[in-house]
Amino acid sequence: MKAFSGLIGAVALLLAGTAHADDGYRLWLRHGGETARPAPVDAPAGAPMTVAVRGATPTLRLAADELARAMPAGTMPVTVATAGDAGIAALRLPFAALGDEGYLVRTVTLDGKRTLLIAGNSDRGTLYGAFALLRHLATGGTTSTAALTSAPKVKLRVLNHWDNLDGTVERGYAGQSLWDWWTLPDLKDPRYTDYARANASLGINGTVLNNVNAKADSLTPRYIAKAAALADVFRPWGIKVYLSARFSAPIELGGLKTADPRDPAVAAWWKAKADEIYRAIPDFGGFLVKANSEGQPGPRDYNASHADGANMLAAAVRPHGGIVMWRAFVYADTDPTDRAKQAYSEFKPLDGTFADNVLVQVKNGAIDFQPREPFHPLFGAMPKTPLMMEFQITKEYLGFATHLAYLGPLFEETLAAKTGRGRETVAGVVDGSSEGHRLTGMAGVANIGRDRDWSGSTFNQANWYAFGRMAWDPALPAEPLAREWAQQTFGGDARVVDTAVAMMMGSREAVVDYTGALGLAHLMATGHHYGPGPWVSDLKRPEWNPAYYHKADRDGIGFDRTKTGSNAVAQYAAPIARQLADPKTTPERDLLWFHHVRWDRPMRSGKTLWQDLVAHYDRGVGYVAGMRRQWDGVRALVDAERWQKTADDLAVQEREARWWRDASLSYWMSVNRLPLPAGVTPPEHDLAWYRAQHFDYVPGHY
Ligand code: GCV
């Protein structure tokens, strides 16, 4: 009997364990809906909701399904519809302001009955409204307070997958690519649906399937059919597919001798290729192009301009309503000028020469997704051209998947930056309000892979989330987004939510602190970018070397970008250029980005620059230690699986933050010969030890 009850106890424990196990698959959508494997549903039990659908398109049905699964039982009936429905039109609701994709949610009387109406001008708008209502409910709202209206401020809200056809993901740290190119188009993994659903819940409406370092093969009939299969899955969720186009494809696939965009045969090849793609994918979004950058082919190979290249492709997709996203991330080994200046120098003169279905896609900063960069000087400098923001959601330079770094504050910092043209902000450039552009966009380099939790950690999901929400509205601040994400992801316990938000909000700054604060950048190890390498100075191209960026010597540190140096500051509008030209008026967080200053320069803290820099390293490491303590404090309140994985990641992060600190301090001390301030813990090893660290098979490096 004793053994039997022991067995029951064990089974009960096991069941309880299973019931609470949570591998993060459901993301912030806790009301179930996993198609890949049955999952527990957090939605309240009870009688199913009545959801009426007026005009049943597949998208409206999806909206209704979401609501039926998640709405609390016993609440008033819900109606999903579009503005074109005669009964809805008769209500004379303010649909005009909603545009194509906006929504409204409000209680109305329809056919003599009270109902909670969710409607947009299109069924996509209605779907977004359904998700907005669920978000409202999951973050403390009630149906009676549900009076929601919103329209996206940005037209193209797009993920960029740097996914390769062999299943690897460039700078991807969440496993293999989600796209199983081999089995497509025959097998459609249910995860494709869950992926689309997650994106739709944020308002993301486009996805570039393949790496910008593109293979021409993506444009062959075989791969077009695979992309078409994905497009079919994504369509009802309001998501269009785009492809990265390899500029030399007319040579590689078409057997032409040139890819010169001014050659009529090249233009004809692209036109035929576009026609072929649109036959398979009638709502194909268009092309993304990385040209003449890091070895990629492009129009500059033929002395044609980036505008020549972009416009030729734009002409090919124009008859089908397609667009071209042309990247401004260019720098060349033949150009000895400051790398931070090159994109501006190349693109600014082209303002006004791009076709009206081209967007120029600009990274948030002028170098490359560093933990902190001042905003890219192209924002505000090309008023006649729609500039699309490119953020990196995957954390190539912020600790890969293991480090907890919430990127909301990074996105917000860039979007809120003033360009120096009147009251204009970067957000105003991106959402088109500053110049009245209607074609607008925001891209995020995805952090999504085949890991069960999609993004390599629970907290990385918040970066996907924040990107999507800010792409919808670039004015949304990072903190409330962190909160709504945490509420939906961990449930309503305020202790967990408050702890998660507190950890998240300082976490990006902590990465800045322990990898190199005060405007330092690009100090990572070569190629794979894992860990510190400030000493690296022997690579072929100067701008590949960290030493090129920090310019540390016995007397001082930092890159002089004033007129005594590269004069990159002159690329900003006059008020910003003036501010940045003087170290005294440059924000200290960007000091060494723009100035070479003495190690003993007095800082606002009262410390010297050296002492201040050391304090930043300690603060960064201390913050991670603090996050571990905070997370320990909610152990009993979070499901075991997600709690443990996060705790393990934080342990890795603390170890690696110390490594960054110690390696960097060892190196700086070898250059400046200064002692550590009193009371500061010396590095654990000598510099030779840190320099000797070597890593093979680092993820994301291909
Ligand atoms: C896709 C950085 C990354 C590269 C990436 C490139 C880009 O250099 O390290 O992996 O290539 O940016 O954005 O094109």
Rough spin-label spacing in nm, given labels placed 7 Å along Cα→Cβ, for residue 180 and residue 222: 1.8 nm
- request: Please go through the residue pairs 273/348; 153/645; 584/607; 240/418 and name each one whose alpha carbons sit more than 26 Å apart in this structure.
  value: 273/348; 153/645; 240/418
- prompt: Rounded to the nearest 0.05, what FRET efficiency do residue 632 and residue 473 have when you use their Cβ-Cβ distance and R0 = 30 Å?
  reply: 0.30
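Relative to the compact globular guide of 2.2 N^0.38 Å, what is the alpha carbon radius of gyration of the stretch 28-150, as a ratio?
This ratio for the stretch 28-150 stands at 1.00.
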statement: In whole Hz, the Karplus estimates of ³J(HN,Hα) for the stretch 283-296 (6.51, -1.76, 1.60; θ = phi - 60°; x where Gly or Pro) are 10, 3, x, x, 10, 10, 9, 9, 10, 6, 8, 6, x, 6
query: When the solvent-accessible surface of protein heavy atoms is calculated with a 1.4 angstrom probe, in what order do 515, 564 fall, highest first?
result: 564, 515
field: Relative counts (whole %) of C-alpha pair distances in the stretch 569-702, using bins that are 10 Å wide
entry: 10, 28, 28, 24, 10, 1
query: Per-residue accessible area for residue 476 at 1.4 Å probe radius, Å² rounded to 10?
result: 40 Å²
statement: Expressed in Å to one decimal, the Kirkwood Rh of the stretch 152-209 from all distinct alpha-carbon pairs is 12.6 Å
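Let me check something: with ligands and nucleic acids excluded, how do 541, 629 order by accessible area (1.4 Å probe), largest to smallest?
Result of the area sort, largest leading: 629, 541.
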statement: Residues whose modelled amide H sits under 5 Å from the amide H of residue 150, counting only those 5 or more places away in sequence or on another chain, are 103
message: How charged is the neighbourhood of residue 458? Take every other residue with its Cβ under 13 Å from the Cβ of residue 458, and add Lys/Arg as +1 and Asp/Glu as -1.
response: -3
message: Whole angstrom only: what separates the Cα centroid of the stretch 86-154 from the Cα centroid of the stretch 530-568?
response: 53 Å
- line: Amide H contacts under 5 Å for residue 390, restricted to residues at least 5 apart in sequence or on another chain and with H modeled in the peptide plane, are 362, 363, 364, 443
Formal net charge of residues neighbouring residue 429 (Cβ-Cβ distance under 10 Å; K, R +1; D, E -1): -2
field: Ranked order, 107, 681 - accessible area, probe 1.4 Å, largest first
entry: 681, 107
- line: Diffing the stretch 262-275: the Karplus 3J(HN,Hα) column from phi (6.51, -1.76, 1.60, θ = phi - 60°), in whole Hz with x for Gly and Pro, holds 8, 7, x, 5, 5, 4, 5, 4, 5, 5, 5, 5, 4, 4
- prompt: For the chain, what is the convex hull volume of its Cα atoms per residue in Å³?
  reply: 178 Å³
statement: If each part is reduced to its alpha-carbon centroid, the stretch 201-276 and the stretch 309-325 end up apart, in Å, by 11 Å
task: Determine the relative contact order of the stretch 28-150: mean sequence separation of Cα pairs under 8 Å and six or more apart, normalised by residue count, in whole percent.
output: 23 percent
query: Of all DSSP beta bridges located in the stretch 28-150, what percent are antiparallel, nearest 5?
result: 55 percent
- line: Probe 1.4 Å, all chains present, heavy atoms only: residue 595 accessible area in Å², nearest 10, is 10 Å²
- request: Sticking with the crude label model, points 7 Å out along Cα→Cβ, report the distance from residue 113 to residue 640 in nm, one decimal please.
  value: 4.6 nm
query: Rounded to the nearest 5, what % of the DSSP beta bridges within the chain are antiparallel ones?
result: 30 percent
- request: For residue 288, enumerate residues with amide H under 5 Å from its amide H, sequence gap 5+ or separate chain, H modeled in the peptide plane.
  value: 243, 244, 245, 325
- line: At R0 = 51 Å the Cβ-Cβ FRET efficiency linking residue 145 and residue 272, nearest 0.05, sits at 0.40
field: the stretch 156-474 - percent relative contact order, Cα under 8 Å, separation 6 or more
entry: 19 percent
Exposure of residue 418 as accessible area (Å², to 10), given a probe of 1.4 Å and all protein chains: 110 Å²
Two-site FRET efficiency, residue 25 against residue 564, from Cβ-Cβ distance with R₀ of 60 Å, rounded to 0.05: 0.65
Prolate/oblate/rounded call for the stretch 315-452, Cα gyration tensor, a/c under 1.5 rounded: rounded
statement: Log10 I(q)/I(0) at q = 0.12, 0.13, 0.15 Å⁻¹ for the stretch 156-474, from Debye over equal alpha-carbon scatterers, is -0.77, -0.92, -1.26
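The values are calculated or read from the model by the stated rules, or taken from the named source; none is laboratory data. Everything numeric here is computed off the predicted structure, so don't read it as measured data. Backbone-built Cβ (ideal geometry, glycine too); neighbour counts: all protein chains shown. When the accessible area is computed, the model is the full protein with side chains, heavy atoms only, and any ligands, DNA or RNA have been set aside. Shrake-Rupley method; radii C 1.70, N 1.55, O 1.52, S 1.80 Å.
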